[in-house]
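Report on the structure given below.
The values are calculated or read from the model by the stated rules, or taken from the named source; none is laboratory data. Treat the numbers as computed from the prediction; the structure is a model and nothing was measured. All Cβ positions, even for glycine, are placed from backbone atoms using ideal geometry, and neighbour counts span all protein chains on display.
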Amino acid sequence: MTTVRDEIAELVTRYETAFNNNDAKAMNALFSKDTIFVNFGGNLVFGADLLYQAQAHVFAPGGALENISVRYLVESIVFLTPEVAVVHTRQRSADSDGQLPTDGHDPMESILHMTLMRDAQGHWRIRVAQNTPVTAPPMKPDGSH
């Protein structure tokens with residue numbers, strides 16, 4: 001039996017697959033039409049149509065993300081209501097086998113924060129998201145680095 005957390009994890013998996021396949025159409029299908037997205041570079045994008053244009057540009061041949069592969073590791077899921085969830089994932093660079101870097105340096109590391117809402121058909125869609133680059137080592141539970 002699929003749980004709601006499994007459904008959300010599946011959305012994250014589909015996002016990762018779309019990214020790694022340079023598939024702007026598949027990625028864009030995960031967003032609501034009225035989405036708002038702050039990308040890795042800090043640009044604020046309003047609406048799925050403009051977001052698709054930006055995604056298609058960076059995934060296209062010669063685009064900034066054409067030869068980049070990543071993995072998304074779900075770090076938290078918080079339900080604000082049964083129909084609204086906040087998800088934090090850690091984006092990490094991945095090699096062709098999906099392995100993460102071991103040298104401690106990862107220029108693609110970020111926290112992808114997504115607020116998801118169920119649409120009229122009951123599917124989770126990304127309504128608001130922000131991809132924030134990580135510039136400091138992760139904090140320990142006591143708040144230190």
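Given the conditions (1) modelled with pLDDT under 90; (2) surrounded by 17 or more Cβ atoms within 10 Å (Cβ to Cβ); (3) touching a His at 6+ places or on another chain (Cβ under 8 Å), and given that PRO137 satisfies all but one, which numbered condition is not satisfied?
The failed condition is (2).
Considering each of THR89, THR132 in turn, give the residue that is modelled with pLDDT of 95 or more and closer than 24 Å to ALA26 by Cβ.
THR89
Find all pairs meeting these conditions: Cβ atoms under 7 angstrom apart; at least six residues apart or on different chains; first residue within the stretch 55-72 and farther than 19 Å from PHE31 by Cβ; second residue aromatic (Phe, Trp, Tyr) and in a helix (DSSP H, G or I).
GLU66/PHE59
Could you check how many residues of the stretch 5-53 are free of Cβ contacts under 8 Å to residues at least 60 places away in the same chain and β-branched (Val, Ile, Thr)?
Qualifying residue count for the region: 3.
Consider LEU11 carefully, then state whether it is closer than 16 Å to ALA129 by Cα, more than 14 Å from the chain's Cα centre (by Cα) and aliphatic (A, V, I, L, M). Let's see the steps before the verdict.
Numbers: closer than 16 Å to ALA129 by Cα: yes; more than 14 Å from the chain's Cα centre (by Cα): no; aliphatic (A, V, I, L, M): yes.
Judged against the criteria, LEU11 is not a match.
Give me the residue from the stretch 24-83 that is under 25 Å from GLY122 (Cβ atoms), among the aromatic types (Phe, Trp, Tyr) and at pLDDT 95 or above and, out of that set, surrounded by the fewest Cβ atoms within 10 Å (Cβ to Cβ).
The extreme case among them is PHE79.
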